[in-house]
Amino acid sequence: MLSKTIITLTVIAFLATAGVAMAGSARDYISIVGSSTVYPFATVVAEQFGKTTSFKTPKIESTGSGGGLKLFCAGVGVEHPDITNASRRIKKSEYDKCMANGVDGVIEVKIGYDGIVMANAKKTAPMKLTRKDIFLALAKDVPDPNGGEKLIPNPYKTWKDVNPALPANKIEVLGPPPTSGTRDAFVELAMEAGAKKFSWIKAMKKKDKKMYKAICHTVREDGAYVEAGENDNLIVQKLNANPKALGIFGFSFLDQNSDTIQGSLVDGVPPTFDAIADGSYPVSRPLFFYVKKAHVDVIPGMKAYLAEFTAEKAWGPDGYLADKGMIPMPDAERRKFATDVKGMQSLMLK
Amino acid sequence: MDAPLEHTDDSRIAKASTVASETVKDQSSGRILYSRDSRETVGETFVDNPRMSCRNVDVYYDDKHAIKNVSLDIGRNQVIAMIGPSGCGKSTILRCLNRMNDTIDICRVSGEILLDGVNIYDRHIDVVPLRARVGMVFQKPNPFPKSIYDNVAYGPRIHGLAQNKAEMDELVETSLRKAGLWEEVKDRLDQPGTGLSGGQQQRLCIARTIAVSPEVILMDEPCSALDPIATSIIEDLIDELKQQFSIAIVTHSMQQASRVSQRTAYFHLGDLIEVGETAQIFTNPRHQLTQDYITGRFG
Amino acid sequence: MNNRRPPSTGTRSSRKAIDIVNAGLARRYRAEKRFRFYGMAAIAASLVFLSILFISIFGKGYPAFQQTYIQLDIFFDPDILARDALTTADYPGLVKQSLRRMFPDVEGRRDKRMLYKIASTGAAYQIRNLVLDDPDVIGKTIGIWVPADDDIDMFFKGHIPRDVPESERRIKDRQIAWIDHLIKEQRIEKHFNRILLTAGDSREPELAGIWGAVMGSFYTLLVTLLLSFPIGIAAAVYLEEFAPKNKWTDLIEVNINNLAAVPSIVFGLLGLAVFLNFFGLPRSAPLVGGLVLTLMTLPTIIIASRASLQSVPPSIREAALGIGASQMQMVAHHVLPLAMPGILTGTIIGMARALGESAPLLMIGMVAFIVDIPGGFTDPSTVLPVQIFLWADSPERAFVERTSAATMVLLAFLIVMNAAAVYLRKRFERRW
Ligand SMILES: Nc1ncnc2c1ncn2[C@@H]1O[C@H](COP(=O)(O)OP(=O)(O)OP(=O)(O)O)[C@@H](O)[C@H]1O
Ligand SMILES: [Mg+2]
């Protein structure tokens, strides 16, 4: 009796599996993947879109920029995503992969900027850093302070060691792990730029690119830099518990927690909305999304979603994305990308 | 013994029968004919028209040789008692008779065991009907954790022996009556069988076995957990059952063996030492080992 | 023991056995006492940690079950609500209009924008649904409680201090003045947060709910249960009762035990390769999630079921076989029912683990922002632990308490499932 029930159940379960597997061939919602930095912005647009139109709310996965582009470039068809978000530009290699897999019409849409901030708790004074300070404080190997063109393991224990103008606090920085896009952007925009202040390192870029990358992008592992996980909220909480520490995260988290934490000045510029928008704050990066042209007329609502995202009420200076912490592009840039989207202009990478 | 032996013209059997005739001759003197070192079976291994017969059966548990070349017949409508010291292989040979040993992975059986002339170890024999024909009552009472009624009805139900509820009720009642349990449980048939006393449980197990009307019943020390009253109920039952069934019973009680059985087989360390009429075994054993055992000198 | 007083024939003969027993008694009791103490200490420590966990989650999470609401006098303006285009009318406009009427002295674009932000964007949807349900309200003015924006909610609950400089708060001085005005007029109140329990995900904390994730978990676990329970039992029964004991079954056993210890993300990778890439099943679907979690829970269920089958006394098997039950009948009628409590417990523990699992679902696209509540096995959906993860990672401060609230809901489900395990155990347990 029992065995029969079990067998019947199994059969039903298999049939059900097979049955729905057949049904899964059409898709009536937009599928979006990509960067976790763009995720909080794209989701707001998607929600708005879902509530104000008759289309279903798009599904947005947070896969990271690289993971998103990989999925995106895997091919054309309902099983592949329609749009991928990225916190950096598509690479030539990824573009080629797209082409090879038949994804030949890709529309690039820049949506705005994100600032990466180094912040500490309000209980201590704000830091005034330069990118060179950041490089010296966080790189694994730094130029020998006694001169000469050679590297030594990072000897600096306190900020004062790095730069006498800074307080004598221990160097302790909480930041994202290497898997994170924020970390990629940070090492590139802050550390590499700081390393370039040393002319011999800068010169190395031409001679030995690999070595150059290793010097600029390798973060010290002796405990001064603490990998605090992908969760930026956690870093914010830890800063409040440990006022001497600095944290690295996206601007929107600073924006949401401005009552307890403050951003450090970088090269004399505070990480404010306006400073990031006008480009004077150096550690900021553009955000993008990429659209699969072949899907625009297949998946319902694609055009409407693009229109929603590129509308002034969304990405404009007074739009709801700005409320969420995204830094809008200047007017001219917005106009350019809005027309590109309307004209379905394909990206060409040579 | 390599090749399975034929029924009739076999040297060993011939020898056994000579032994038997010698025994008859020497019975008057009461002299023991076989010394402790002898391991050949003494006595009347065979009966006419047997229900079951073992031919040169060897049983191994891995490398342990638990039954050594045993040949033995179980007659129709009679009780055979198997006696012997602990660990001599009584349970083992009994479990061979309805292939319960199949459930033990390390157990290997060779030789022939015939039920009405058919080898039950033959490849095409199905154990399910075999066990319906050769029922078993175990050393420890093991009722199912179900109601008393269901315990008895289970066998008939899976074999489809009752056409309807009334027939089943009837069958349950007669089985319980035969086992001498009916009066005690007739008002609580829906209560769990495990809630009965040890002796009642054993009788329930007997009722369960006879409910499927087997041709042979194997009983492994059925009374080891029972008081004298329950024991005598079961002994009476065995006496009655032998009208219809053939019964093999393992027991440690010499009195019980002599009370209920017609034939007795004495085992010793895997060998069948002596087999014969119960009366003769207990009054006039032919083998020194049998003599030692029944006089309590050892075992 | 023996080292200290080696037993010698001398002592044994000169002292009676009972004296030796008595001499050792005190030490034996001391050992027992010590052991009890260690045991109690261990239990106490785990209870302390558990209560710390619970207190911190409850302490953070309970405010999320309340949400600040504002009462707006909405005038259902017939000019805006043209009868033929009710679905697309300017409902946000209605909300703004009523806010302007409440605070007539607010001037300037910036200030007005700030004022409009007091009410959640959800207010417009709420009013829209009201009008669509009952178009007769057009032309009337009705007081309606709408959810406040998450910043207002945080402020009203006291999570944003008043005494820090204005530039460092998300709530500006003007907004505080408006809120104080609303408080005076009793137009701002905390209500039970029904949205949290009935809505799908949202990027606006005040509109975000866990119902979508609950349904996703439900469908996913249903698939898992329907597949892993029968397959797990069948596999366990086959291995335990029917399979010959040889090298192959040993190998299978070792592998199953290993699988139970494999990090769950590996099952996600497997699911990605097999179910998505090879069979082409849809991404983010509870069906695929269920399949992946089935792979993950199967070893647990098989191991628990086998242990439970093994513990069925052999005498019951012999009893059944002895009457002529076939192997299958023996298993189905006697062994399985007796093993069922253990199997059910194993299954529920496996399911509870599956309920709390998010890592393998990452690979198959169930870590996603999904607003619409899934209605079937192939609709995109997420599950409860993923929802918790996504909220924990959101910048908005109001999500902090919602994260804890969602954790509380997950814990509640786990407690219910474990209670069910205990109940089923009791229910099916039979003595033999
Ligand atoms: N399952 C088994 N695995 C290995 N050896 C076994 C097994 N069952 C029995 N034996 C061995 O086989 C021999 C015979 O055992 P058996 O149970 O037949 O003895 P017995 O005569 O019934 O003894 P008792 O009177 O104590 O019940 C013993 O030496 C025992 O150790
Ligand atoms: Mg025995």
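The values are calculated or read from the model by the stated rules, or taken from the named source; none is laboratory data. Because the structure is predicted, anything quoted here is derived from the model rather than measured. Every residue, glycine among them, receives a Cβ derived from its backbone with ideal geometry; neighbour counts consider all protein chains shown. Calculation scope for accessible area: heavy atoms of the full protein, side chains included, ligands and nucleic acids excluded. Shrake-Rupley method; radii C 1.70, N 1.55, O 1.52, S 1.80 Å.
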Subject >> Conditions (1) under 14 Å from the mean Cα position of the chain (by Cα); (2) farther than 30 Å from C:Val312 by Cβ; (3) away from chain A (no Cβ under 14 Å): number failed by C:Leu414 >> reply: (2)
Subject >> Sole residue being crowded, with 23+ Cβ neighbours inside 10 Å and out of contact with any Cys (no Cβ under 8 Å at 6 or more places or on another chain), chosen from C:Val386, C:Val416, C:Val422 >> reply: C:Val386
Original post:
Across segment B:260-290, what is the total count of residues that are hydroxyl-bearing (Ser, Thr, Tyr) and in a helix (DSSP H, G or I)?
Top reply: 3
Original post:
For the subset of segment B:86-102 comprising residues that are surrounded by fewer than 22 Cβ atoms within 10 Å (Cβ to Cβ) and away from ligand 2 (no atom under 13 Å from the Cβ), which member is modelled with the highest pLDDT?
Top reply: B:Arg99
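Here's the yes/no breakdown for (1) part of a loop (DSSP other than H, G, I, E, B); (2) over 22 Å from the mean Cα position of the chain (by Cα); (3) within 16 Å of ligand 2 (Cβ to nearest atom):
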site	(1), (2), (3)
B:Tyr154	no, yes, no
B:Ile158	no, yes, no
B:Gln163	yes, yes, no
B:Val172	no, yes, no
B:Leu176	no, no, no
B:Asp190	yes, yes, no
B:Arg203	no, no, no
B:Thr209	no, no, no
B:Met219	no, no, yes
Original post:
Which pairs have Cβ atoms under 7 Å, sit 6 or more apart or on different chains, and link a residue in segment C:123-152 that is of a type in the set (D, E, K, R) to one that is open to solvent by 40 Å² or more (accessible area, probe 1.4 Å)?
Top reply: C:Asp149/C:Lys117; C:Asp151/C:Arg170
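Residues that are exposed (fewer than 15 other Cβ atoms within 10 Å of the Cβ) and touching a Gly at 6+ places or on another chain (Cβ under 8 Å): which helices (runs of 4 or more DSSP H) entirely in segment C:154-240 hold 2 or more of them?
Details: elements: C:173-184, C:194-198, C:211-237.
Of the helices (runs of 4 or more DSSP H) lying wholly inside segment C:154-240, those with at least 2 residues that are exposed (fewer than 15 other Cβ atoms within 10 Å of the Cβ) and touching a Gly at 6+ places or on another chain (Cβ under 8 Å) span C:194-198.
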**OP:** Could you run through segment A:40-62 and say how many residues are assigned to a helix (DSSP H, G or I), within 17 Å of the chain's Cα centre (by Cα) and facing chain C (nearest Cβ under 7 Å)?
**Re:** 3
Subject >> The lone exception for B:Glu184 - which of (1) without any contact (Cβ under 8 Å) to a residue 12 or more places away in the chain; (2) away from ligand 1 (no atom under 16 Å from the Cβ) it fails >> reply: (1)
Subject >> Total residues in segment A:145-190, condition open to solvent by 30 Å² or more (accessible area, probe 1.4 Å), within 18 Å of A:Pro126 (Cα to Cα) and assigned to a loop (DSSP other than H, G, I, E, B) >> reply: 7
Original post:
How many of the residues making up segment B:191-215 are more than 14 Å from chain C (Cβ to nearest Cβ) and at pLDDT 90 or above?
Top reply: 0
Subject >> Hits in segment A:259-287 (condition: within 20 Å of the chain's Cα centre (by Cα), β-branched (Val, Ile, Thr) and surrounded by 20 or more Cβ atoms within 10 Å (Cβ to Cβ)) >> reply: A:Val266, A:Ile276, A:Val283
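From the list B:Val127, B:Val109, B:Val118, pick out the single residue that is in contact with a strand residue (DSSP E or B) (Cβ under 8 Å, 6 or more places away or on another chain) and not acidic (Asp, Glu). Break it down stepwise before answering.
On the way: B:Val127 fails: in contact with a strand residue (DSSP E or B) (Cβ under 8 Å, 6 or more places away or on another chain); B:Val118 fails: in contact with a strand residue (DSSP E or B) (Cβ under 8 Å, 6 or more places away or on another chain).
The conditions single out B:Val109.
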**OP:** Being more than 16 Å from ligand 1 (Cβ to nearest atom) and surrounded by 22 or more Cβ atoms within 10 Å (Cβ to Cβ) is the filter here, so list the residues in segment B:135-150 that pass it.
**Re:** B:Gly135, B:Pro143, B:Phe144, B:Ile148
Original post:
Which residue pairs have Cβ atoms closer than 6 Å, lie 6 or more positions apart in sequence or on different chains, and pair a first residue in segment C:311-337 that is more than 8 Å from chain B (Cβ to nearest Cβ) with a second residue that is aliphatic (A, V, I, L, M) and in a helix (DSSP H, G or I)?
Top reply: C:Val312/C:Val335; C:Val312/C:Leu338; C:Val312/C:Ala339; C:Met330/C:Ala320; C:Met330/C:Leu321; C:Val331/C:Val237; C:Ala332/A:Leu2; C:Leu336/A:Leu2
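Let me confirm something: among A:Gly223, A:Gly229, A:Gly247, which residue is part of a loop (DSSP other than H, G, I, E, B) and within 14 Å of chain C (Cβ to nearest Cβ)?
Exactly one of A:Gly223, A:Gly229, A:Gly247 is part of a loop (DSSP other than H, G, I, E, B) and within 14 Å of chain C (Cβ to nearest Cβ), namely A:Gly229.
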Original post:
In segment B:39-55, how many are among the aliphatic types (A, V, I, L, M) and either surrounded by fewer than 22 Cβ atoms within 10 Å (Cβ to Cβ) or farther than 18 Å from B:Gln288 by Cα (or both)?
Top reply: 2
Original post:
So which of C:Val383, C:Val371 ends up being away from chain A (no Cβ under 12 Å) and in contact (Cβ under 8 Å) with a residue 12 or more places away in the chain?
Top reply: C:Val383
**OP:** Output the residues belonging to segment B:240-257 that are away from ligand 1 (no atom under 16 Å from the Cβ), open to solvent by 50 Å² or more (accessible area, probe 1.4 Å) and touching a residue at least 24 places away in the same chain (Cβ under 8 Å).
**Re:** B:Glu240, B:Gln243, B:Gln244
**OP:** Could you please let me know if B:Leu289 is surrounded by 22 or more Cβ atoms within 10 Å (Cβ to Cβ) and under 30 Å from B:Asp63 (Cβ atoms)?
**Re:** yes
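Those residues that are charged (D, E, K, R) and either under 16 Å from the mean Cα position of the chain (by Cα) or within 16 Å of ligand 1 (Cβ to nearest atom) (or both), I need them from segment B:83-115; list them, please. Full working, then the answer.
Pass one, segment B:83-115, residues charged (D, E, K, R): B:90, B:95, B:99, B:102, B:105, B:108, B:112.
Correct list: B:Lys90, B:Arg95, B:Arg99, B:Asp102, B:Asp105, B:Arg108.
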Subject >> The lone exception for C:Thr220 - which of (1) more than 16 Å from C:Phe399 (Cβ to Cβ); (2) within 11 Å of chain A (Cβ to nearest Cβ); (3) not acidic (Asp, Glu) it fails >> reply: (2)
Subject >> Checklist (1) touching a Ser or Thr at 6+ places or on another chain (Cβ under 6 Å); (2) away from every other protein chain (no Cβ under 14 Å) applied to A:Gly325, failing item >> reply: (2)
Original post:
farther than 18 Å from A:Trp315 by Cβ, part of a loop (DSSP other than H, G, I, E, B) and open to solvent by less than 10 Å² (accessible area, probe 1.4 Å): does that describe A:Pro126?
Top reply: no
Original post:
Of the numbered conditions (1) more than 8 Å from chain A (Cβ to nearest Cβ); (2) open to solvent by 10 Å² or more (accessible area, probe 1.4 Å); (3) polar (S, T, N, Q), C:Thr378 satisfies every one except a single condition; which is it?
Top reply: (1)
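Please find, within segment B:58-82, the residue that is farthest from B:Phe46 (Cα to Cα) out of those that are among the charged types (D, E, K, R) and near ligand 1 (Cβ under 8 Å from one of its atoms). Spell out how you get there, then give the answer.
Keep residues of segment B:58-82 that are among the charged types (D, E, K, R), which gives B:58, B:62-64, B:68, B:73, B:76.
Next cut, near ligand 1 (Cβ under 8 Å from one of its atoms) only: B:62, B:64.
On the way: B:Asp62: 30, B:Lys64: 27 Å.
Top of the filtered list is B:Asp62.
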Original post:
Can you tell me which residues in segment A:307-347 are loosely packed, with under 13 Cβ neighbours inside 10 Å and small (Gly, Ala, Ser)?
Top reply: A:Ala332, A:Gly343
**OP:** Report whether or not B:Val127 is more than 16 Å from ligand 2 (Cβ to nearest atom), touching a residue at least 24 places away in the same chain (Cβ under 8 Å), β-branched (Val, Ile, Thr) and buried (at least 16 other Cβ atoms within 10 Å of the Cβ).
**Re:** yes
